[in-house]
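I have placed the structure first, in the form of structure tokens, so that the comments after it can refer back to it.
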Amino acid sequence: AMLSGQHVHAAVADDKEDWQVGFMQKRLAHLVDFMNTHMDEATQLTMLEEMGRFCASQHKEGYEKFTGNTEAFLKDLEGQFIEKSTFDKEKQTISMLGKKQEKCVCAFAGENSISQNFCNCSRGYMKEMFTVVTGKPVEITLDETVLRGSDRCSFTVQIIA
């Protein structure tokens, strides 16, 4: 703009974004509560897992590069949200102890103001990542989560041969 002689406008921080995030968090929390009341548990699980799988697929560049190298992927996770992981190759089981958190790390969860059933979204996220990394279907167990009263989120991954 400066080169063409047009006026240059400074970037201004927009407080509307914060309002919009809170707005979305409250509506999603209501939707999850509504699902808890009006849908059977299996359908809720499927829907929330699908949301997590979709979310993970939007960030696949972060884990696709580890396809076939589960150990390297676990080391990478330990630098992020996981405090410690173990991989029992014989049992094809991965245990991940999450880092301590004051609140759920998901932006949708807000200040832990969403139903604990929302944790099934994390189950889907993990399922998507580990299915890609291991090249095999997996089952995810939520061992503990912040929304369920713990100070961390920990998972067990069972690789299905």
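The values are calculated or read from the model by the stated rules, or taken from the named source; none is laboratory data. Please read all numbers here as calculations on a predicted model, not as lab measurements. Counting neighbours? That spans all protein chains shown, and the Cβs are built from the backbone with ideal geometry, glycine included. These accessible areas exclude ligands, DNA and RNA; they are computed on the full protein's heavy atoms, side chains included. Shrake-Rupley method; radii C 1.70, N 1.55, O 1.52, S 1.80 Å.
Tabulated values for the structure
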| item | result |
| --- | --- |
| Where SER150 falls short, out of the listed (1) in contact (Cβ under 8 Å) with a residue 12 or more places away in the chain; (2) open to solvent by 10 Å² or more (accessible area, probe 1.4 Å) | (1) |
| Every residue from region 82-109 that is surrounded by 15 or more Cβ atoms within 10 Å (Cβ to Cβ), touching a residue at least 24 places away in the same chain (Cβ under 8 Å) and within 18 Å of the chain's Cα centre (by Cα) | ILE94, SER95, MET96, LEU97, GLY98, LYS99, GLN101, CYS104, PHE108, ALA109 |
| Residues located in region 52-67, provided they are open to solvent by 70 Å² or more (accessible area, probe 1.4 Å) and either charged (D, E, K, R) or in a loop (DSSP other than H, G, I, E, B) (or both) | GLN58, HIS59, LYS60, GLU61, GLU64, LYS65, THR67 |
| Selection status of SER115, under 19 Å from LEU97 (Cβ atoms) and of a type in the set (Gly, Ala, Ser) | no |
| Matching residues in region 138-147 - criterion: being surrounded by fewer than 15 Cβ atoms within 10 Å (Cβ to Cβ) and farther than 18 Å from GLU83 by Cβ | GLU139 |
| Residue that is farthest from MET47 (Cα to Cα) [pool: residues in region 110-133 that are touching a strand residue (DSSP E or B) at 6+ places or on another chain (Cβ under 7 Å) and open to solvent by less than 30 Å² (accessible area, probe 1.4 Å)] | PHE130 |
| Subset of region 1-43 that is at pLDDT 85 or above and over 22 Å from the mean Cα position of the chain (by Cα) - its residue that is surrounded by the most Cβ atoms within 10 Å (Cβ to Cβ) | MET39 |
